[in-house]
Amino acid sequence: MTRIITAAVIALGLLGQGAPVRQPIQYTVRFPDPQHNYVEVEARVPTDGRATIDMMMAVWTPGSYLVREYARNVEAVAASAGGRALPLDKTTKNRWRITTGGAREIVLTYRVFAHEMTVRSNWVEAGFAMLNGAPTFMTLAGDSGPRVHDVLLDLPAAWTSITGMPDAPDGRPHHYRAPDFDTLVDSPIVAGTPALHRFTVSGKPHVLVDESEGGVFDGERAIRDLERIVSTDEKFWGGLPYDKYVFFNLLMGPGGGLEHRNSVMMTSTRWTQATRGEYLNWLSLASHEYFHLWNVKRLRPLELGPFDYEHEVYPRSLWVSEGLTDYYADLQLHRAGLSSRAEYLAQLSAAIRALQTTPARLAQTAEMASFDAWIKQYRPDENSLNSVISYYTKGAVLGFVLDARIRAATANAKSLDDVMRLAFARYSGARGFTPEQFRQTASEVAGVDLGPWFTQALDTTAEVDYAPALDWLGLDLRAPPAPSDPPGWLGVKTRNDGGRLIVANVPRQTPAFDAGVNPEDEILAIDDFRVSADQLDKRLESYTPGQKVTLLVARREELKRLEVTLGLEPPDRWNLVVRPNITTEQRSHLDAWLAANR
């Protein structure tokens, strides 16, 4: 997204030299029948004197690394000039060629079906609309240099609108102006009658936009906590890099978030505050997306800019952009006083547990997980547990271990916090950072060569070494007391499919895997005794580890008998706890880590 800054600077320079001002693309967005889930777009597009122009729709959106083919929702594309229809041909899956007939400006019209409730798509219904830039707006393909994109919303009566996009200078309601296409894509819009909750930090306005509170979600409580997150991150980074900020909070589920340059789109449910755990998860999501303001929206891997909206790009450092952001999401939440020490250690334990119980940790490296995001991260299947590691999860765990390593190397004088700030100072400009530059920056802060550690952590599938971090901070990874009479363990993951006990996936290194159980097998019986869909765990309590049983399964309508030797379920030894014999020095390290910036 740093291309936005560069483009603006170039544009100002050209204007200062008397260069001609490029005509903007002007959109009018209408919702004539929102109950039918469509948005209609009219775009007035300058031709710059060309005989033909190509219009393009993005196939993906920054922050979500999957080709989503947004053009699949586009209908009724037509072009005209002076009231005369113009020839229009679709040339690729997401491009349209218009023969201008010498017109200086053409009018392009189309409809977009908008009924996908995710943070990266569009939703339109009778009382509410959520629009993202990539799935909504076509632009000139191959346009060189920045071009203003104006958006005027023609809204139903009683609707209002809000976006992070700048207001257009004419002051008309619902009229916004993006200095370039990057800004347009990076500025979601919500229209309707949402609840607006406002707060100010360092003189800068912030607004929480709640859609569908339903008298359940307490927006005022939420902004009090969001204000603490904003203030904590401001202290961490040394300022706020925007004039205003918008938290879009669509309480319509399912949960998710997508960062933008001065806003965030989040989805959840209105019952998110019903329990302490659910609310902490929502705050963690908000903290994660807000931290992205610096880490990825401004400090980004080299490959992520300028954006190519029609093709995949292949960063190797999403463990930094997403994983370290995940690490800081919960850490900053605790530093803001919004979670207890026990709650924070439980959150970090969950990340460690998720990593250590995923067989794929021994199959895929952290950097390759980043590189393969386009084909694996967003396309989980029945074998993902065995083949795909999350760069969110492993990155967060590596952040914890790396943070402690730097603190130990510098006698607590420096930390991963300093690495992030130095990397931001050096690489948050137009270019971005390479994997090698981030590694070198960390070594510089630590005062020691961290190259061998990075090689093992990122380029191999070796197990993470927690011991140095635990010793520095006075922590242990412990398991709860083992049961005196443990049941037999099959190790298979199942789902209840209308009363049928279906195998969802089969992790490696489990009795089920060794016996040849397959995903989508239907488990019918153990030792010729029927097993109902909700009774597998109860039935296994009748067996002991090491006992041999016969599993009857149905596979593609054929019955098969599989011989299984039940095992002993591995203990959950991934619970972070403070050592009972923690030393005074270790306690000071622990306090310094958790209380930074307070």
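The values are calculated or read from the model by the stated rules, or taken from the named source; none is laboratory data. Because the structure is predicted, anything quoted here is derived from the model rather than measured. Because the Cβ atoms are built from the backbone with ideal geometry, glycine has one as well, and the counts that use them run over all protein chains shown. These area figures cover heavy atoms from the full protein model, side chains too; ligands, DNA and RNA do not enter into them. Shrake-Rupley method; radii C 1.70, N 1.55, O 1.52, S 1.80 Å.
Scan region 303-319 and tell me whether some residue there is within 13 Å of the chain's Cα centre (by Cα), open to solvent by less than 20 Å² (accessible area, probe 1.4 Å) and within 30 Å of PHE181 (Cβ to Cβ).
Yes, region 303-319 contains at least one residue that is within 13 Å of the chain's Cα centre (by Cα), open to solvent by less than 20 Å² (accessible area, probe 1.4 Å) and within 30 Å of PHE181 (Cβ to Cβ).
Out of the residues in region 537-563 that are over 19 Å from ASN496 (Cα atoms), touching a strand residue (DSSP E or B) at 6+ places or on another chain (Cβ under 8 Å) and charged (D, E, K, R), which is most open to solvent (accessible area, probe 1.4 Å)?
LYS548
Please give the number of the condition ASP48 fails out of (1) of a type in the set (D, E, K, R); (2) modelled with pLDDT of 95 or more; (3) open to solvent by 50 Å² or more (accessible area, probe 1.4 Å); (4) not in a helix (DSSP H, G or I).
(2)
Tell me which residues, restricted to region 123-163, are touching an Asp or Glu at 6+ places or on another chain (Cβ under 8 Å), of a type outside the set (A, V, I, L, M) and open to solvent by less than 10 Å² (accessible area, probe 1.4 Å).
PHE128, GLY133, ARG147, HIS149
Residues to consider are GLY239, GLY255; find the one that is part of a loop (DSSP other than H, G, I, E, B) and open to solvent by 10 Å² or more (accessible area, probe 1.4 Å).
Going through GLY239, GLY255 in turn, just one is part of a loop (DSSP other than H, G, I, E, B) and open to solvent by 10 Å² or more (accessible area, probe 1.4 Å): GLY239.
Run down VAL578, VAL531 and say which single residue is in contact (Cβ under 8 Å) with a residue 40 or more places away in the chain, in contact with a helix residue (DSSP H, G or I) (Cβ under 8 Å, 6 or more places away or on another chain) and among the β-branched types (Val, Ile, Thr).
Among VAL578, VAL531, only VAL578 is in contact (Cβ under 8 Å) with a residue 40 or more places away in the chain, in contact with a helix residue (DSSP H, G or I) (Cβ under 8 Å, 6 or more places away or on another chain) and among the β-branched types (Val, Ile, Thr).
Yes or no: region 509-519 includes at least one residue that is within 30 Å of LEU348 (Cβ to Cβ) and surrounded by fewer than 16 Cβ atoms within 10 Å (Cβ to Cβ).
yes
Could you tell me whether any residue of region 168-186 is within 21 Å of GLN273 (Cβ to Cβ), among the hydrophobic types (A, V, I, L, M, F, W, C) and either open to solvent by less than 20 Å² (accessible area, probe 1.4 Å) or at pLDDT below 95 (or both)?
no
Across region 428-452, what is the total count of residues that are open to solvent by less than 40 Å² (accessible area, probe 1.4 Å), part of a helix (DSSP H, G or I) and not aliphatic (A, V, I, L, M)?
Qualifying residue count for the region: 5.
I'd like the full set of residues that are open to solvent by 40 Å² or more (accessible area, probe 1.4 Å) and either of a type in the set (Phe, Trp, Tyr) or without any contact (Cβ under 8 Å) to a residue 24 or more places away in the chain (or both), limited to region 369-381.
PHE371, ILE375, LYS376, TYR378, PRO380, ASP381
Looking only at region 454-495, which residues are under 30 Å from THR550 (Cα atoms) and hydrophobic (A, V, I, L, M, F, W, C)?
Hits for region 454-495 are ALA482, TRP489, LEU490, VAL492.
I need every pair where a residue in region 193-212 that is at positive phi has its Cβ under 6 Å from the Cβ of a residue that is part of a strand (DSSP E or B) and open to solvent by 20 Å² or more (accessible area, probe 1.4 Å), sequence separation at least 6 or different chains.
Listed pairs, sorted by first residue: SER212/MET252.
Identify the single condition in (1) open to solvent by 50 Å² or more (accessible area, probe 1.4 Å); (2) under 18 Å from VAL492 (Cβ atoms); (3) among the aliphatic types (A, V, I, L, M) that VAL578 does not satisfy, given that it satisfies every other one.
(2)
Checking the conditions here, which among ASP186, ASP218, ASP225 is touching a residue at least 40 places away in the same chain (Cβ under 8 Å), in contact with a His (Cβ under 7 Å, 6 or more places away or on another chain) and of a type in the set (Asp, Glu)?
One residue alone meets the criteria, ASP186.
Among (1) of a type outside the set (Ser, Thr, Tyr); (2) open to solvent by less than 20 Å² (accessible area, probe 1.4 Å); (3) closer than 17 Å to GLU234 by Cα; (4) more than 18 Å from the chain's Cα centre (by Cα), where does ALA360 come up short?
(3)
Are any of the residues in region 382-390 free of Cβ contacts under 8 Å to residues at least 60 places away in the same chain, within 24 Å of GLN347 (Cβ to Cβ) and over 15 Å from the mean Cα position of the chain (by Cα)?
yes
When residues of region 1-31 are filtered for being open to solvent by less than 70 Å² (accessible area, probe 1.4 Å) and modelled with pLDDT of 95 or more, how many remain?
6
Output the residue which, of all residues in region 581-598 that are open to solvent by 70 Å² or more (accessible area, probe 1.4 Å) and at pLDDT 95 or above, is farthest from PHE236 (Cα to Cα).
ASN581
Checking the structure you have, find out if any residue of region 275-294 is over 15 Å from the mean Cα position of the chain (by Cα) and more than 26 Å from LEU348 (Cα to Cα).
No: zero hits.
Picking from PRO468, PRO435, PRO480, which residue would you name as being more than 25 Å from the chain's Cα centre (by Cα) and modelled with pLDDT of 95 or more?
PRO468
Just to check your reading of the model, which residue among GLU322, GLU343 is out of contact with any Ser or Thr (no Cβ under 8 Å at 6 or more places or on another chain), within 23 Å of ARG298 (Cβ to Cβ) and either in a helix (DSSP H, G or I) or of a type in the set (A, V, I, L, M, F, W, C) (or both)?
GLU322
Within region 274-287, can one find any residue that is open to solvent by 30 Å² or more (accessible area, probe 1.4 Å) and within 17 Å of THR118 (Cβ to Cβ)?
Yes; the residues of region 274-287 include at least one that is open to solvent by 30 Å² or more (accessible area, probe 1.4 Å) and within 17 Å of THR118 (Cβ to Cβ).
Can you say whether ARG111 is open to solvent by 60 Å² or more (accessible area, probe 1.4 Å) and within 13 Å of ARG44 (Cβ to Cβ), as far as the supplied structure shows?
The answer is no for ARG111.
List the residue pairs whose Cβ atoms are under 7 Å apart, where the first residue sits in region 476-505 and is among the polar types (S, T, N, Q), the second is surrounded by 14 or more Cβ atoms within 10 Å (Cβ to Cβ) and not in a strand (DSSP E or B), and the two are 6 or more positions apart or on different chains.
Short answer, once both residue conditions are applied: THR494/LEU536; ASN496/ALA533; ASN505/GLU382; ASN505/ASN383; ASN505/LEU385; ASN505/PRO519.
So GLY395 ticks every box in (1) touching a Leu at 6+ places or on another chain (Cβ under 8 Å); (2) in a helix (DSSP H, G or I); (3) open to solvent by 40 Å² or more (accessible area, probe 1.4 Å) but one. Which box is left unticked?
In the conditions (1) touching a Leu at 6+ places or on another chain (Cβ under 8 Å); (2) in a helix (DSSP H, G or I); (3) open to solvent by 40 Å² or more (accessible area, probe 1.4 Å), GLY395 misses (3) alone.
Might you check whether a residue that is more than 24 Å from LEU402 (Cα to Cα), aromatic (Phe, Trp, Tyr) and at pLDDT 95 or above occurs anywhere in region 319-334?
no
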